[in-house]
Each structure stands twice: as structure tokens, then as C-alpha cells.
Amino acid sequence: MKGWYAWAWSPSPGHSRVIDTAYYPLLKKYVQDILQTFKNDPRILIWDMYNEPTNGGMGDKTLPLLRKVFHWAREINPSQPLTVATFGNNKKLNDIIFSNSDIITFHDYAGKEEVQKHIASLKQEGRPMVCTEWLNRPLHSTVEEVLPVFFKEKVGCLSWGLVNGETQTDLPWGHRPGDPPPKIWQHDLYHRDLKPYRKSELMFFEKYIKNKSLLRKGF
């Protein structure tokens with residue numbers, strides 16, 4: 001729907017199936033079939049088992065299914081690490097995540113100072129770390145400010161959005177048809193015709209991807 005940020009987004013696997021245990025056998029079959037098929041595939045780096053548990057108003061009703069998903073995955077025992085990204089300050093949720101994840105993943109759309117604090121807190125878990133969602137320019141989660149933090153802290157990162165498409169994530173969260181267009185994009189790096197939104201950002205990515213000598217110098 002034009003003018004609506006991520007209009008088709010839904011909490012995985014949908015509100016009704018999260019709380020209806022009658023769906024669990026179907027969900028188990030789905031999870032285990034995919035894991036069994038690709039459990040030794042070298043193209044798979046990490047299995048992110050569940051996106052943002054408790055989001056979308058689900059709250060703690062998500063937790064029983066989250067426990068099941070980890071259990072189903074461990075029955076298959078893939079060669080790749082399992083993870084679920086921490087979400088918010090829900091202690092019950094994060095205790096499950098920390099107890100079952102092989103690596104620590106998280107989402108953070110804040111500026112560099114808050115990201116640094118978040119990383120310092122998560123480092124206490126003593127496991128490799130990847131930020132699987134970041135980049136929100138209006139909130140100061142920018143390539144120029146935050147990418148160097150990930151590089152310095154040796155934390156992997158996946159920016160939200162690549163090519164601006166039907167989900168229209170150049171718009172801010174909550175944007176609806178008729179709202180004024182944003183002055184700056186929230187997410188995404190390229191226009192639909194693959195023209196860079198900001199060429200300087202892509203040059204920044206290239207700098208940190210290619211120039212490994214920066215890491216040795218401590219930048």
C-alpha cells in the first residue's frame with residue numbers, strides 16, 4: 001500500500017498461531033524440514049530462529065513457542081549456530097535467548113553512544129555478537145556514526161534495508177498514506193533503479209569491508 005511503512009508486516013508466525021498450540025505440530029514440521037534440508041549447507045552462516053519475540057503486542061505469550069522452536073532446532077542439531085535476537089528489556093525473554101543461543105544477536109537503531117553501551121552489556125555473555133538490525137537515520141543510527149563502532153568492537157552487523165522496494169522502508173515507522181514524505185530516508189541504501197541514496201555511505205561500507213589494516217591500527 002503506497003505511503004504505508006511495511007504494510008504487510010506481521011509478528012512471526014502470526015498472532016493466532018503463536019498462542020494456538022494446535023498449530024505447533026505444523027510449525028515444528030516447518031522448522032525441522034528447513035533445518036534438516038540445510039543443516040550442513042556452507043551457504044548458511046547462522047540460523048535466526050524467531051524474529052522479535054514479544055513484538056506486535058504479543059508480550060510473554062510468545063515465550064512458550066520460543067522455547068519450542070529452540071527445542072525443535074536442537075533435535076535436528078544443525079552445524080550452523082542458532083540464535084534469536086534480544087528484544088527490549090524483557091528479562092524472561094532474554095533469559096531464554098541467552099540460555100539457548102550459540103551467538104548473541106540484537107537489534108539497535110540508536111546512535112553510537114547507546115550502541116556502545118548495548119554492546120558492552122551484551123559482551124558479558126562471552127559469545128560472538130552480530131547486530132542483525134540497525135540503520136535509522138532520523139534516530140542517528142547512521143552509517144558514518146555506527147558502522148565504526150561495530151568495526152572497532154568486532155561486532156558483525158546487518159543494516160536494515162538495501163534496495164527501496166514495495167515495503168517502502170524509506171518511510172518512518174508508523175507512516176501512513178497522506179502523511180508528508182520524509183525529509184531523509186529511515187532505511188535503505190539504494191533507489192529502485194540501483195542509484196545510491198547516499199554515495200558517501202557506500203564508500204564508508206567499502207572502506208571498512210576492504211581495508212582490514214584499519215582493524216590492526218585500532219580504528
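If Y5 satisfies every condition in (1) touching a residue at least 40 places away in the same chain (Cβ under 8 Å); (2) out of contact with any Leu (no Cβ under 8 Å at 6 or more places or on another chain) but one, which is the exception?
(2)
Go over the candidates V163, V115, V143, V155 one by one and state the one that is more than 23 Å from P53 (Cα to Cα), β-branched (V, I, T), touching a residue at least 24 places away in the same chain (Cβ under 8 Å) and surrounded by 14 or more Cβ atoms within 10 Å (Cβ to Cβ).
V143
When L189 is evaluated against the numbered criteria (1) surrounded by fewer than 17 Cβ atoms within 10 Å (Cβ to Cβ); (2) touching a helix residue (DSSP H, G or I) at 6+ places or on another chain (Cβ under 9 Å); (3) farther than 24 Å from G56 by Cα, which criterion, by number, is the only one it fails?
Going through (1) surrounded by fewer than 17 Cβ atoms within 10 Å (Cβ to Cβ); (2) touching a helix residue (DSSP H, G or I) at 6+ places or on another chain (Cβ under 9 Å); (3) farther than 24 Å from G56 by Cα one by one, L189 breaks only (1).
Report whether or not S99 is in a loop (DSSP other than H, G, I, E, B), modelled with pLDDT of 95 or more and either open to solvent by 30 Å² or more (accessible area, probe 1.4 Å) or charged (D, E, K, R) (or both).
Considered against the rule, which asks whether it is in a loop (DSSP other than H, G, I, E, B), modelled with pLDDT of 95 or more and either open to solvent by 30 Å² or more (accessible area, probe 1.4 Å) or charged (D, E, K, R) (or both), S99 comes out as no.
Quick check on my filter: what residues within segment 74-84 are open to solvent by less than 30 Å² (accessible area, probe 1.4 Å) and within 19 Å of the chain's Cα centre (by Cα)?
Q80, L82, T83, V84
Would you mind finding the one in G88, G59 that is open to solvent by less than 60 Å² (accessible area, probe 1.4 Å), of a type in the set (G, A, S) and over 21 Å from V130 (Cα atoms)?
Matching residue, one of G88, G59: G59.
The values are calculated or read from the model by the stated rules, or taken from the named source; none is laboratory data. All of these numbers come straight from a predicted model, not from anything done at the bench. Backbone-built Cβ (ideal geometry, glycine too); neighbour counts: all protein chains shown. Please note that ligands, DNA and RNA were not included when accessible areas were found on the heavy atoms of the full protein model with its side chains. Shrake-Rupley method; radii C 1.70, N 1.55, O 1.52, S 1.80 Å.
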